[in-house]
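A.B. asks: One structure coming up, written as structure tokens, with questions to follow.
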Ligand code: AMP
């Protein structure tokens, strides 16, 4: 398990009860980083993709590398208030309260095939909102790609129920 074994777990961070899956230990290892990015490229190099979207903020690290190697452009989906030009916004529920993510209105053209990347899928709230933003601009979501799936939190199922294809390199279940 070259990828999973390089991911560090920090119990009770950022709050009690959360098992934080820290991918910085994977990314700092040149072998780990290469295996991770190469696996994404192996999966996507033959797929019909026009553009890569990365979700704030770890999705930027992965999405940037993936877009570059696929020879495609990169688009950030950011937490609210960070993007300078006109944006589309999508609000989603958190455990307590709500959050909002944004995308530049001119970031994706109608009919473009979009790969959406983030480091981890937990409840799926962020990913579903990102999918809605892409659709608002007329983009077609080809797949969601993650390093880590946390099946106990149901995010992957939620995305699949929305009709999306989901890929994750590894999972932490019941641990
Ligand atoms: P969610 O919207 O619940 O799917 O949360 C996804 C986002 O929160 C991802 O961008 C992750 O980076 C972060 N996240 C949520 N839970 C964890 C966790 N247990 N370990 C690491 N990151 C997490």
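What follows draws every value from the coordinates through simple rules; no lab data is involved. None of the values given here were measured: they were computed from a predicted structure. Here the Cβ positions follow ideal geometry from the backbone for every residue, glycine too, while neighbour counts run over all protein chains shown.
A.B. asks: Determine the principal axes of the Cα atoms in the range 85-131, then give the extent along each, sorted from largest to smallest and rounded to whole angstroms.
C.D. replies: Each principal axis gives a Cα extent; for the range 85-131 these are 34, 22, 15 Å.
A.B. asks: Continuing with the same structure: How do 137, 69 line up, fewest other C-beta atoms within 10 Å first?
C.D. replies: 69, 137
A.B. asks: Sorted by average packing, counted as other Cβ atoms within 10 angstrom per residue and highest first, what order do 48-58, 19-29 take?
C.D. replies: Final packing ranking: 48-58, 19-29.
A.B. asks: How do 12, 104 rank when sorted from fewest to most other Cβ atoms within 10 Å of their own Cβ?
C.D. replies: 12, 104
A.B. asks: Still on this model: How would you order 143-149, 90-96 from highest to lowest mean count of nearby Cβ atoms within 10 Å?
C.D. replies: My ranking of the peptides, most packed first, is 143-149, 90-96.
A.B. asks: OK, next. To make sure I understand, if each residue's beta carbon is the centre and we count other beta carbons within 10 Å, what order do 40, 60 fall in, fewest to most?
C.D. replies: 60, 40
A.B. asks: Among bridges DSSP assigns within the chain, what percent are antiparallel (round to 5)?
C.D. replies: If I count the DSSP bridges inside the chain, around 35 percent turn out antiparallel.
A.B. asks: To the nearest Å, what is the center-to-center distance of the range 130-153 and the range 62-108, using C-alpha atoms only?
C.D. replies: 11 Å
A.B. asks: I need the fraction of alpha carbon pairs in the chain separated by more than 29 Å, rounded to a whole percent.
C.D. replies: Here the tail beyond 29 Å accounts for 16 percent of pairs.
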